[in-house]
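Here is the structure we will look at, set down as structure tokens.
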Amino acid sequence: MSDVDQIYAGPGIFKWGIDEKGVLEPDGIIIDLTQGGITFTTTTTYFEPTTDQTGTAPVKSISTGTTGSINFETPDMDFEKVTKYNPNSLKVVDATDPDKVKYQVTGLAGKELPRRRAVIEPQGVVDPARFIYVESVGIKFDMNAAFVLDNNLRLTVSAMAYPSLYAIPKGLLYTWGDITATA
């Protein structure tokens, strides 16, 4: 019989820059205002060999890699956070008036996204068994500003989860549950 206590709902919090114990690092960021929820999905690619005798029907499937994606929108328009995860963003403070600040985003190619461990936590939940730690996350930033009558301004956050070559086990993509559990 199913347990209805294992049906979870509610908004989430995204934290980027988490140490191996699950604690936010000093230069990490927290985005705790979302609209439409946070989704985390994985995608696995496969090599499916065929034989002449089976035509286009594969005879087996061999996984060739798995990545993940994290997507959400936030009304948190704090560009100070954007400068931490977007290598194309700059903060400029006026030389004569430090209260005058602007943020600039360049569009040139060749900048590698910084990757850090992230966690998705349900709002108001302290049980780490409900957390999803994503080992190596690069945040892709694209502006999607809408100035409309019946909605508020939001930033779209799309993050890519990569298998970590430095984690144990090698290739770790994500951990569901208490990150401090050991074997």
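Among the strands (runs of 3 or more DSSP E) confined to the stretch 71-183, the ones with at least 1 residues that are surrounded by 16 or more Cβ atoms within 10 Å (Cβ to Cβ), in contact with a Phe, Trp or Tyr (Cβ under 7 Å, 6 or more places away or on another chain) and of a type outside the set (Lys, Arg) are located at 89-93, 115-122, 132-142, 155-161, 174-176. The single condition among (1) at negative phi; (2) in contact with a Pro (Cβ under 6 Å, 6 or more places away or on another chain); (3) open to solvent by less than 90 Å² (accessible area, probe 1.4 Å) that Leu33 does not meet is (3).
The values are calculated or read from the model by the stated rules, or taken from the named source; none is laboratory data. Computed from a prediction, not measured in an experiment: that's the story for all the values here. Positions of Cβ are generated from backbone atoms using ideal geometry, with glycine treated the same way; all protein chains shown enter the neighbour counts. Note: areas computed on protein heavy atoms with side chains; ligands, DNA, RNA excluded. Shrake-Rupley method; radii C 1.70, N 1.55, O 1.52, S 1.80 Å.
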